[in-house]
Each structure stands twice: as C-alpha cells, then as structure tokens.
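Below you'll find the structure, written out as structure tokens, and then a few comments.
Every read-out reported here was derived from the displayed coordinates using simple, explicitly stated rules and does not represent laboratory data. Bear in mind the structure is a predicted one, so any value in this text is a computation, not a measurement. Every residue, glycine among them, receives a Cβ derived from its backbone with ideal geometry; neighbour counts consider all protein chains shown.
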Amino acid sequence: MNPCPRCGFTGGRTACQDLFNDITLRVRAMAWTDSMKTWRLMHDVYDIQHEEDFCGRYRGLVMHLGGVCWALEHGGAEPGYRALQKLIERNLWDHEPYPPSPGIPASRGSITIAALKDAETPELLTVRVDKWARSTWQAYAALQPMARQWVKQAMGWK
Ligand SMILES: [Zn+2]
C-alpha cells in the first residue's frame with residue numbers, strides 16, 4: 001500500500017479521502033456552535049494538502065490558501081470567505097492554470113487527516129483541525145505573503 005501521494009497518509013489516497021469524508025460528516029452531524037468554521041477550515045486545509053486534486057489553478061489556491069489565511073490570522077468569519085469568492089469572480093484566475101508555478105511545496109506538513117481519526121468531541125475536533133491547519137499553513141510558508149495579499153485585496157484593505 002502506497003501512502004497518499006499528496007499528504008503522506010499511510011493508508012493511501014482513497015483511504016485518505018474516505019476518512020476526510022467521514023470526518024466532515026461527523027462535524028456536520030455534531031453541529032456545535034462554530035462547527036461550520038471547523039468544517040470550512042477542514043475543507044480548505046485538506047484542499048491545499050491535496051493541491052493537485054483540488055486547486056491546480058490560481059482560483060483554487062486563492063480560495064483555499066486564502067481561506068486558511070483568513071481562518072488562522074483573521075478569525076474565519078463568513079464575510080471573508082464571501083469576499084475571497086468575489087475576488088475570484090472579479091479576476092481571470094478561473095482560466096489560468098499554473099505555470100508559472102507559484103511554488104507549491106512538495107511537503108505539506110507532518111500532520112494529516114489521520115490526526116482527526118478518533119477525535120469524537122467538538123473540543124477535540126476543533127483543537128486538532130487548528131493544529132493540522134497551522135502545520136499545513138507552515139508548510140506553505142513561502143506562499144503566505146501571497147495569501148495575505150489575496151485576503152487584503154478581497155477585503156479591500158490598503
Ligand atoms: Zn492525503
């Protein structure tokens with residue numbers, strides 16, 4: 001069994017996706033205060049950890065890397081996500097694949113979806129998604145300035 005080629009999850013790519021799907025359902029079913037924030041962040045983190053499958057174009061990266069930036073550095077309130085969505089709609093990123101490569105990191109951090117496997121409470125899910133997000137964001141250190149710029153642009157900040 002080969003590990004997931006994107007994130008390194010030992011069970012392989014399919015099991016990685018299955019586990020992610022299960023956990024997003026778990027989060028939805030538990031539906032605690034702020035569970036949507038956790039759910040949203042999970043999606044963005046997973047997407048940038050599996051960049052080739054879910055981003056692959058600036059549009060995806062702006063939404064998901066921008067989303068992680070928004071969540072970790074600005075609290076992740078809903079209007080920021082809407083603003084990022086609008087930023088994408090205003091620009092041509094939709095039609096622009098890389099290259100030039102924006103420098104997607106080969107290693108996507110040491111924490112994978114496996115860390116959430118037995119997180120059965122809202123507290124554990126929240127804490128572990130946060131840790132996973134920070135680890136993945138760190139792996140994307142080279143692209144953080146670009147992500148911050150997208151957030152600024154989206155929010156209309158000078
Ligand atoms: Zn994976």
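Pairing rule first: another cysteine's C-beta must sit under 4.7 Å. Under that rule, which cysteines of the chain stay single?
Singleton cysteines: 7, 55, 69.
Please give the Cα centre distance for the range 27-75 versus the range 108-158, rounded to the nearest Å.
If you average the Cα positions of each part, the centres end up 7 Å apart.
For the chain, with a Gaussian network of springs between Cα atoms less than 10 Å apart, report the residue from 25, 116, 65 with the top mean-square fluctuation.
Fluctuation is largest for 25.
Excluding same-chain pairs closer than 8 in sequence, count the lysine pairs in the chain whose Cα atoms lie under 25 Å apart.
8
Mean-square fluctuation check for the chain, GNM, Cα pairs under 10 Å: which of 29, 119, 71 is largest?
The residue with the greatest mean-square fluctuation here is 29.
Report, in debye and to the nearest 20, how large the dipole of the range 1-87 comes out about its Cα centre when Lys and Arg carry +1 and Asp and Glu carry -1 on their Cβ.
On the way: 10 positive and 10 negative charges, 42 e Å.
Dipole of the range 1-87, to the nearest 20 debye: 200 debye.
Note down the relative contact order for the range 33-97 as a percent, whole number, built from C-alpha pairs under 8 angstrom at least six residues apart.
Answer for the range 33-97 is 33 percent.
Going by a ≥ b ≥ c, the root eigenvalues of the Cα gyration tensor, does the chain fall in the rounded group (a/c under 1.5), the prolate group (a/b larger than b/c) or the oblate group? Numbers along the way, then the final one.
On the way: a/c = 1.92, a/b = 1.26, b/c = 1.53.
Since a/c reaches 1.5 but b/c is at least a/b, the shape of the chain is classed as oblate.
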